[in-house]
1. Per DSSP H run of at least 4 residues, take -39500 (n - 2.57); add these up for chain A, divide by its residues and hand me the 222 nm value, nearest 500 deg cm²/dmol.
2. According to a simple spin-label model (label point 7 Å from Cα along Cα-to-Cβ), what is the distance in nm between B:Q63 and A:Q289?
3. Taking the simple approach of a point 7 Å from Cα along Cα-to-Cβ for both A:T156 and B:A262, what is their distance in nm?
4. May I ask you to sort A:R36, B:R44 by Cβ crowding, counting other Cβ atoms within 10 Å and putting the fewest first?
5. Quick one: if you stick a label point 7 Å off each Cα along the C-beta vector at A:D404 and A:T281, how many nm between them?
6. Using the count of nearby Cβ atoms within 10 Å as a rough guide to exposure, how do B:Y50, A:Y370, A:Y305 rank from fewest to most?
7. How much length would be gained if the chain were fully extended between A:D178 and A:W414, taking 0.36 nm per residue of separation minus their Cα-Cα distance, in nm to one decimal?
8. Can you list the lysines whose alpha carbon sits under 24 Å from that of B:K47, skipping same-chain ones fewer than 8 residues off?
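A short reminder: the numbers here are calculations on the coordinates, not readings from a lab. Note that the structure is predicted; figures quoted are calculated from it, not measured. Cβ placement follows ideal geometry from the backbone for every residue including glycine, while neighbour counts extend to all protein chains displayed.
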Amino acid sequence: MANTPVISVENLSKRYVIGHEARHDNLRDTLQHTARKLWRRFRWGTGFQTEEFWALRDVSFEVKQGEVVGIIGRNGAGKSTLLKILSRITEPTTGRISITGRVASLLEVGTGFHPELSGRENIFLNGAILGMKRTEIRRKFDEIVAFAEVEKFLDTPVKYYSSGMYVRLAFAVAAHLDPEILIVDEVLAVGDAEFQKKCLGKMGEVAEAGRTALFVSHNMASVQHLCTRGIVLAEGKIVTQGNTASAVQAYLHTARVVQGIELQHRPDRKGNGKLRFLAVTFHDLTGKQVTSILCGSGVSVRLHYESTYNGQIRDIDVAFNLRNDAGVLITCFANIQTGRPRLPIHARGYFECAWPKTNIRGGEYDCALYCSIDGEVCDWLQNAFVFSLEDGDFFGTGHLVPRDHGDVLCEQQWSSCVSCS
Amino acid sequence: MSDVVENPPATEPPELVIEAGRTEAHYWRDLWRYRELLGFLAWRDIKVRYKQAVLGVAWAVIQPAVQTLLLSFVFGKLARMPAGDVPYPLLVLAGLLPWQLFSSAFSGAGSSIVGNANLISKVYFPRLIVPFSALAVALIDLTVLLVLTVPIAACFGVMPTWRLLLLPAFILGALLIALGAGLWITALTVKYRDFRFITPFILQIGVFVTPVGYRTDFLPNWRDLLAFNPLTGVVDGFRWCLLGGTTEFYVPGLMISFAIAAVLLAGGLWYFRKTERQFADVI
């Protein structure tokens, strides 16, 4: 049994058809557009243009009994679509999947929780929604309650729960599902640190018990910790599949490719679009463009944008943050941290952030980019660009700093004094 | 799938095949397996409905009581419709029971899929469970009203007879009509939210074109026309079961009602099953 595939996916594709509708800011535009749309629909049967979008394209892989497979990829790579098809929520456009064994999928923590019902009632409801039998829930009830640490509030409606308690209860139900194949979508990205550890422990148990699991995550540390194998998706296709370490490397590589691509064509962004980032470039302190920076040297990050703002703005908030290859947030650069300096906006221009002396360990850092104006989010991109930094001579001694001296390097002065008693 | 837990692991685990356009072979079996979920969803809706309402369950009685008085006044006093040998309020009440059953089942089933969008987009289960659970809710409401109606009828001197035993057949009839119409509405609402506005509209008109406030056997000219509303047969049936011999049956009308109800249900099921696979994508 150990080497038979329990999940086999052949040439799986999923197409979505997206309707394009213009945005309208006022009632008159909306009415005008609606009238035109109705007229067109009446004459040609279709009201607006549609565009095809392949969320998954020819994906094939196999998962064997007892494997814990991490599915990684940036936003919009097709991970969630894949999980939705595997859990039978939506149908593939082409392709075939065969699954052997009882599947439980967790695409969200607390699906179907009702705020008016008590904790006790929600355990039963949520359990039934996830496919447990009443007798099964009753048998595991005490265990679930103990795991969630909500004994005292069992008969309180969950709307009065703190968000931490809510998440704990929801995860506890899911954790006691006991399936042969478990499909999980980033549910671990919730709760406080201690509870996250507990959840990871529970996931680890799944792996040790020889059960099969598919696990989608952005958190490279937990992928490396839990998974035996990784599948990297980018733009709906499989880029690599193999052992976890090489998959994580490949994932970071897919991030690097984006650096050259201009940001304006990225579809996976949030915000009203009144200011859109176009590209990011790196420069040394003299203004010359560079692709990589030595640790210890200075760098200017230029965030190029275009904007439709023409009037006065009160308030602007521009930021980007750096995450290391384990997905851990290292630091954040934001104009509000430096006391909101006025940054005037042009139709086309760039914001420049100067970092006089880089003091983090060499490596690839994944950056998210954010801008809001007058409290409204204009543009927000996850994994917007990669900041790559080479190990360098930070302290100016002529030597590289040993890698086992930590992730952050600090300017420091040492001296020795006599203390008088 | 949950059978695996109870059977020894030696049994061959079920193989599941997912393919485009594949109407799942196990759909109806899955539906049976998920029957507990149906119960839980119905229980949730009932449990939640009267939370934070001071009068609570009393609302289930107040609404039909007021409606009975209102309709008795309009049809009995103002329009002076004939009531036969039954007190007019009782006539209305016997008509209102199936109407209440239908309208609550229909509006519940009609809004069920969009109302449970969070479930639809995150978990798999046969989607028919959701409208079915709305029927269960309506059925429970009816039971409450029915338990109150029989003694009220007795007070007016109408004693229950053996005909009461046939009532479940008409209850089933009302539920199936509501299901047929509700499936259409709920499946269409997933894509076109316009249909949300149609439900209250149908119900407003329905209470008049269904013989809730009047009896059909005194309107021979209108009888055949009224029978095109499938609920007419059900309402007549309810009166026949509850009020005893004074109401007679009109068989051709019942046949028309039955045929239309069957077409509605078959069409609703077909359309729902056809579109259900895309629910998660468009909802």
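1. -8000 deg cm²/dmol
2. Roughly 6.7 nm, to one decimal.
3. 5.7
4. If I rank by nearby Cβ atoms, fewest first, I get A:R36, B:R44.
5. Result for the modelled spin labels: 4.3 nm.
6. Ordered by Cβ neighbours within 10 Å, fewest first: B:Y50, A:Y370, A:Y305.
7. Here the answer is 79.3 nm.
8. Once the sequence-local lysines are set aside, what remains near B:K47 is A:K133, A:K140, A:K152, A:K159, B:K122.
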